[in-house]
Amino acid sequence: MKALRRFTAWLARGRTAVIALPYAWLLLFFALPFLIVLKISVSEMETVHFKDLISYADGVLRIAIKTSNYLFITQDDLYVLAYLASLKYAAITTLGCLLIGYPFAYFMARARLTLQPALLMLVMLPFWTSFLLRVYAWKGLLGEHGWVANAIEALGLDRLLLAAGLIPALGNLLHTPFSLVVGMVYTYLPFMILPLYANLSKMDLRLLEAASDLGATPWTAFWRITVPLSKAGIIAGSMLVFIPCVGEFVIPELLGGPQTLMIGRVLWDEFFSNNDWPMASSVAVVMVLLILVPLALFSKYQAESREGV
């Protein structure tokens, strides 16, 4: 009995250690840096130093918290428009990745088992190349005499893009909202395909056979069975795409233009051009809070799904 109790206690300690490890990781690499940035955002900067938030002198305890940066963010159109643009382009990118990625993931999940590893490798193949090089490649593809730009102009698609307001003039495809969306969709597409494929590959195909036996058409079975059962993959892929897109800097800098100012560029300018660390930290804190909202919604959906099961 004593040996059994020792073994049970050892298992309990092991479970505690396993559970504590990810929490310690989050505390060390997310919560602590976020608190440091939050502290800087409400601090007063003196040359290269920051004033203490709490000071005690002559029997007087002083708490100095600067909130003017956050007020300025809400009052200045530059920051408001940059946040809105970031959310807009992140949402457009997420939708584009979903429209392209879902059929591809569906095809991968329904392909022969011997073919699926090759298709999965093709999805992951871009990760074998530097992210920066892949973005730079689109500058050549969409630039003057680039073969993608030539194909778009030959097919007359540039007129549709002009009518949609995605490019300012015919033949001008680079440094536009169109080039920005193309670059972001291309970059983040694997993050949408992989969760969808993992979800669709585990679906019970007997449900589709039962729907067919009951008289449902393939299209009806897809919308009434496949799509609802893949909702978890859709939400997971959307979060993996939307969240990093909000704070994206490299792609808007290389492929975007004056019309596509996103908050990542504003954050860079505040840190390295204006050298205003409290203002830059305030911008970063607001951006993190904007990202936490969809994460909270995703967590709530997961909790409701587990309760439903």
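Every number here is computed from the coordinates shown, using simple stated rules; none is lab data. Predicted model only: the values in this text are computed from it and were never measured. Positions of Cβ are generated from backbone atoms using ideal geometry, with glycine treated the same way; all protein chains shown enter the neighbour counts.
For a footprinting-style exposure proxy, rank Asp269, Asp158, Asp213 by other Cβ within 10 Å, fewest first.
On the way: Asp269 16, Asp158 20, Asp213 8.
Starting with the residue having the fewest Cβ neighbours, the order is Asp213, Asp269, Asp158.
Hey, what do the phi angles of the stretch 228-237 turn into as Karplus ³J(HN,Hα) couplings, whole Hz, using 6.51/-1.76/1.60 and θ = phi - 60°, x for Gly and Pro?
Each residue's phi maps through the Karplus curve to give x, 6, 9, 4, 4, x, 5, 5, 4, x Hz.
Testing the spin-label approximation: label points 7 Å from Cα along Cα→Cβ at Ala20 and Leu78. State their distance in nm.
It works out to 4.8 nm between the two label points.
State which entries of Lys88/Lys300; Lys139/Lys300; Lys88/Lys231; Lys88/Lys139 exceed 29 angstrom in Cα-Cα distance in the structure shown. Could the numbers behind the result be given before it?
Working: Lys88/Lys300 23 Å; Lys139/Lys300 40 Å; Lys88/Lys231 22 Å; Lys88/Lys139 22 Å.
Exceeds cut-off: Lys139/Lys300.
Using per-residue counts of other Cβ atoms within 10 Å, averaged over each peptide, order 123-132, 144-153 from highest down. Kindly include the intermediate steps, with their values, before the conclusion.
Values: 123-132: 11.3, 144-153: 13.7.
Going by the mean number of other Cβ atoms within 10 Å, highest first, we get 144-153, 123-132.
Tell me, what ³J(HN,Hα) does each residue in the stretch 21-30 have, in order and in whole Hz, if you take phi through Karplus 6.51 cos²θ - 1.76 cosθ + 1.60 with θ = phi - 60° and put x for Gly and Pro?
4, x, 5, 5, 4, 5, 5, 6, 10, 10
Measuring from centroid to centroid over Cα atoms, what is the spacing of the stretch 69-143 and the stretch 167-210 in Å?
Each part's Cα centre sits 7 Å from the other's.
Subtract the Cα-Cα distance of Ser212 and Phe272 from 0.36 nm times their separation in residues, and report this length gain in nm to one decimal.
15.5 nm
If amide hydrogens are placed 1.01 Å from N in the peptide plane, which non-local residues have theirs closer than 5 Å to the one on Phe50?
Sorted by chain and number, the residues that satisfy this come to none at all.
Quickly work out the Leu295-to-Leu99 label distance, labels modelled 7 Å from Cα along the C-beta direction, and quote it in nm with one decimal.
Calculated label separation equals 2.9 nm.
Average the reciprocal distances over every distinct pair of alpha-carbons in the chain, invert the result, and give the Kirkwood radius in Å. Display every interim value, and only then the final one.
Numbers: mean 1/r = 0.0427 Å⁻¹.
Evaluated on the chain, it is 23.4 Å.
How far, in nm, would the chain grow between His49 and Ile92 when pulled straight, counting 0.36 nm per residue and subtracting the alpha carbon separation? All intermediate terms of the calculation are to be shown ahead of the outcome.
Working: separation 43, 0.36 × 43 = 15.48 nm, distance 4.05 nm.
Taking 0.36 nm per residue and subtracting the Cα distance, the gain is 11.4 nm.
With θ set to phi - 60°, apply the Karplus curve 6.51 cos²θ - 1.76 cosθ + 1.60 along the stretch 100-105 and write out the HN-Hα couplings as whole Hz, x wherever there is a Gly or Pro.
Residue by residue, the stretch 100-105 yields 8, x, 5, x, 5, 5 Hz.
Which lysines, on any chain, are close to Lys39 with Cα under 28 Å apart, when same-chain ones fewer than 8 places away are left out?
List returned: Lys51, Lys66.
Roughly what would the spin-label model give for Phe222 and Leu32, points 7 Å off Cα along C-beta, in nm?
Between Phe222 and Leu32, the label points sit 5.0 nm apart.
Going by average Cβ density within 10 Å per residue, which order do the peptides 79-87, 108-116 take, highest to lowest? Write out the running numbers ahead of the final one.
Numbers: 79-87: 17.7, 108-116: 12.9.
The peptides rank, most packed first, as 79-87, 108-116.
Please order Phe29, Phe50 by the number of other Cβ within 10 Å, starting at the fewest. Before the final figure, lay out each step's value.
Details: Phe29 10, Phe50 15.
In order of increasing Cβ crowding within 10 Å: Phe29, Phe50.
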